[in-house]
């Protein structure tokens with residue numbers, strides 16, 4: 001069992017040995033290595049060549065990438081996953097003036113403007129933690145110390161598993177555009193503020209689409225529209241024009257478009273809460289070369305306050321006119337006795353002349369010549385009485401100002417005649433120093449006589465309180481290159497110099513029964529005639545009131 005067993009176990013070894021010694025197997029074995037060697041060598045050479053080409057391509061790619069990075073007109077940088085700087089391009093080094101080693105050590109924090117640092121750190125930290133894109137606008141210090149605005153962005157690079165292995169970023173110099181943007185924003189803010197202060201709004205209208213393309217903030221405020229609701233419609237805007245002005249404004253707009261011209265018009269708008277505003281609108285039309293209307297620029301100015309001020313001014317002017325009329329009536333009441341005396345004289349003279357005429361006609365031999373003279377005296381005195389009545393009526397009646405050219409000296413003498421009763425009663429001596437040949441004055445004769453009458457009566461009343469000393473009133477006129485100077489001097493107690501200007505204030509008076517309106521009205525009248533009225537001290541004693549009046553035009 002064991003030999004058989006050994007014989008059986010030996011057979012395979014003999015077959016194996018035989019096979020190894022078989023010529024065909026040996027030949028086959030020898031031919032195998034010799035035929036595959038060239039093939040393996042060629043494959044190795046091919047692999048080496050491909051590896052070399054790949055290395056060259058990689059080097060070329062890296063070179064091109066480095067050139068691209070160098071050519072990028074901005075700062076390129078890279079950081080690790082934790083945000084620590086690992087690379088920066090040459091432009092970043094040139095801009096900051098820092099060596100690469102120092103840059104990698106210091107990072108960006110030393111270069112960011114202190115006012116922008118906190119916001120930048122927060123933004124970058126958020127990106128690192130969340131893995132989202134990074135973006136910031138901040139100022140970076142240049143090598144010369146100047147800070148310039150940059151727009152920095154960063155994106156993460158991830159591996160196949162989605163893990164961030166690098167951050168790449170770009171910082172672009174936007175200093176010029178940022179400053180231009182800030183300047184534009186400031187200009188817009190200034191324009192908006194100017195529009196608000198001047199209450200001027202503007203809009204732009206496209207007639208092709210029949211839509212507004214722009215409304216300023218002030219336009220929304222003036223017209224009462226909510227800017228959060230967008231641009232108002234054309235119909236909504238027209239509905240806010242006051243119903244009484246809407247048709248007129250529509251006709252004005254259509255006529256301007258038809259004639260291809262701009263226009264300015266004043267109108268009212270009625271807001272939903274019932275507020276009425278007065279606006280002044282101006283529209284500029286832009287036409288194509290073919291004559292088609294392509295755009296309309298419109299400004300609207302809120303003139304409500306100005307209009308109300310004008311109305312109030314008109315009411316004030318009317319009130320001043322009424323007070324001036326009352327003042328004249330008051331003065332005429334004081335002059336009633338003088339007027340009665342003035343009228344009584346020509347009437348008495350006329351009666352005397354009438355008696356003389358009857359005497360000359362009743363004689364046995366009538367004397368027509370003497371009678372004619374007497375009748376002429378009657379006519380002359382009747383005219384004199386009529387003139388006195390006319391002057392008094394002019395002073396009393398309420399009539400609108402009528403500016404005409406008149407003789408100022410003659411007007412002064414008439415006023416002295418009107419005040420004669422008061423002058424005599426207060427034992428005042430009146431002197432005049434009127435320059436002869438004065439050019440004509442253009443103005444309202446009655447109003448200017450009212451000024452003179454006020455000044456004369458004030459002077460007479462002031463001197464009436466003086467117990468001792470002369471009571472002298474001097475009225476003078478003189479001329480220069482610009483006009484006439486009138487002065488009314490009295491020898492009364494005078495006015496304290498600190499009150500020279502205050503006496504012209506409305507309702508200020510030193511009289512127990514005064515209204516404080518006389519001198520205020522006088523100054524208003526003189527100023528309305530282009531002149532000036534002021535008070536001062538007389539040379540020896542008393543007060544002098546002076547006023548100027550310009551010459552009539554055409555002198």
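The values are calculated or read from the model by the stated rules, or taken from the named source; none is laboratory data. Please read all numbers here as calculations on a predicted model, not as lab measurements. Virtual Cβ from ideal backbone geometry, glycine too; neighbours counted across all protein chains shown.
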request  = With respect to residue 70, determine if the residue is more than 30 Å from residue 170 (Cα to Cα) and either assigned to a helix (DSSP H, G or I) or at pLDDT 75 or above (or both).
outcome  = no
key: Meets criteria (assigned to a helix (DSSP H, G or I) and surrounded by 11 or more Cβ atoms within 10 Å (Cβ to Cβ)) for residue 219   = yes
ask   = In the range 31-53, how many are surrounded by 10 or more Cβ atoms within 10 Å (Cβ to Cβ) and at pLDDT below 75?
value = 4
query = What pairs come up if the first residue lies in the range 98-110 and is under 14 Å from residue 141 (Cβ atoms), the second is part of a helix (DSSP H, G or I), and their beta carbons are under 8 Å apart, counting only those six or more places apart or on different chains?
reply = 98/106; 103/92; 103/93; 103/96; 108/120; 109/117; 109/121
message = It is to be established whether one or more residues within the range 174-190 are surrounded by 14 or more Cβ atoms within 10 Å (Cβ to Cβ) and either touching a residue at least 60 places away in the same chain (Cβ under 8 Å) or touching a helix residue (DSSP H, G or I) at 6+ places or on another chain (Cβ under 6 Å) (or both).
response = no
query = Taking the stated definitions as given, is residue 164 over 30 Å from residue 266 (Cα atoms) and without any contact (Cβ under 8 Å) to a residue 60 or more places away in the chain?
reply = no
query = Which number in (1) in contact with a strand residue (DSSP E or B) (Cβ under 8 Å, 6 or more places away or on another chain); (2) modelled with pLDDT under 75 marks the one condition that residue 390 misses?
reply = (1)
ask   = Only one of these conditions is not met by residue 527: (1) surrounded by 13 or more Cβ atoms within 10 Å (Cβ to Cβ); (2) at pLDDT 85 or above. Which number is it?
value = (1)
ask   = Pick from the range 222-234 the residues that are without any contact (Cβ under 8 Å) to a residue 40 or more places away in the chain and over 23 Å from residue 287 (Cα atoms): which of them is surrounded by the fewest Cβ atoms within 10 Å (Cβ to Cβ)?
value = 228
note = Given the conditions (1) touching a residue at least 60 places away in the same chain (Cβ under 8 Å); (2) under 39 Å from the mean Cα position of the chain (by Cα); (3) closer than 30 Å to residue 99 by Cα, every one holds for residue 202 apart from (3)
query = Any idea how many residues of the range 272-316 are within 17 Å of the chain's Cα centre (by Cα) and part of a helix (DSSP H, G or I)?
reply = 3
ask   = Do you know which residues across the range 414-470 are at pLDDT 85 or above, buried (at least 22 other Cβ atoms within 10 Å of the Cβ) and in a loop (DSSP other than H, G, I, E, B)?
value = 428
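Quick grid of which residues meet (1) surrounded by 13 or more Cβ atoms within 10 Å (Cβ to Cβ); (2) part of a strand (DSSP E or B):
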| site | (1), (2) |
| --- | --- |
| 77 | yes, yes |
| 103 | yes, no |
| 129 | no, no |
| 151 | yes, yes |
| 154 | yes, yes |
| 168 | yes, yes |
request  = Can you confirm whether the range 134-141 contains a residue that is under 30 Å from residue 215 (Cβ atoms) and exposed (fewer than 12 other Cβ atoms within 10 Å of the Cβ)?
outcome  = no
